[in-house]
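Computed from the coordinates by the stated procedures, all read-outs in this text should not be read as laboratory data. Remember, it's a predicted structure, so these values are computed and weren't measured experimentally. As a convention, Cβ positions derive from the backbone with ideal geometry for all residues, glycine included, and neighbour counts pool all protein chains shown.
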């Protein structure tokens, strides 16, 4: 028990006093965190569209300092109005109808880190994802009348943002994704004139697990402590 307490104490000390410039996205580092999102529709066949809040989980792994692999599993929502006297998928809407699309997405990215050893790291990247959409009116009626409905879509992604590191273990990330969908399904109007797209503005709070460099310094600190 005493040895365990000493180990934990040394772990805390090393974590607090590791210089920030000697951190952050080194080889082999793995981070896991929670994400908050604002999803904004970019191209819809209907008017008066608004964004909605969402969230999810994110993972980042650094195979090299300047390259990171990222994944996001999340949800989001967009809202819009179907104009009066519009026929959508064979259904006539005689009055303006408020509608909402709930989204669930799984995204993967490859990003380039410009300042991986700094407390501030801007990045850009590309990616791809798979999204599930469920478009419904404010009365709960499904908009997609196609059988089976087109609720799944492959998405191409562009991303950019920055990481701010508080220390060796914690960071906050702000990013913006542009998602280009391959079918016209975001608002449920599968025969509309636009392939849909959306913006996702996100903030992530992330915790990083030890990489090989940190463990090496930890063992050296333990060795000096017990030899002294």
Compute the whole-percent fraction of alpha carbon pairs in region 26-212 spaced more than 28 Å apart.
32
Based on the Cβ-Cβ distance from residue 84 to residue 201, what FRET efficiency comes out when R0 is 35 Å, to the nearest 0.05?
0.65
From fewest to most C-beta neighbours within 10 Å, the residues 136, 26 line up as 136, 26
Using the count of nearby Cβ atoms within 10 Å as a rough guide to exposure, how do 155, 94, 50 rank from fewest to most?
94, 50, 155
Sketch the reach of a paramagnetic label on residue 115 as a point 7 Å from Cα along Cα-to-Cβ, and name the residues of region 162-185 whose backbone nitrogen lies under 18 Å away.
162-176
So how far apart, in nm, are the two label points at residue 73 and residue 50 if each is 7 Å from Cα heading toward Cβ?
3.1
Most exposed first by the Cβ proxy, i.e. fewest other Cβ within 10 Å, how do 162, 123, 154 rank?
154, 162, 123
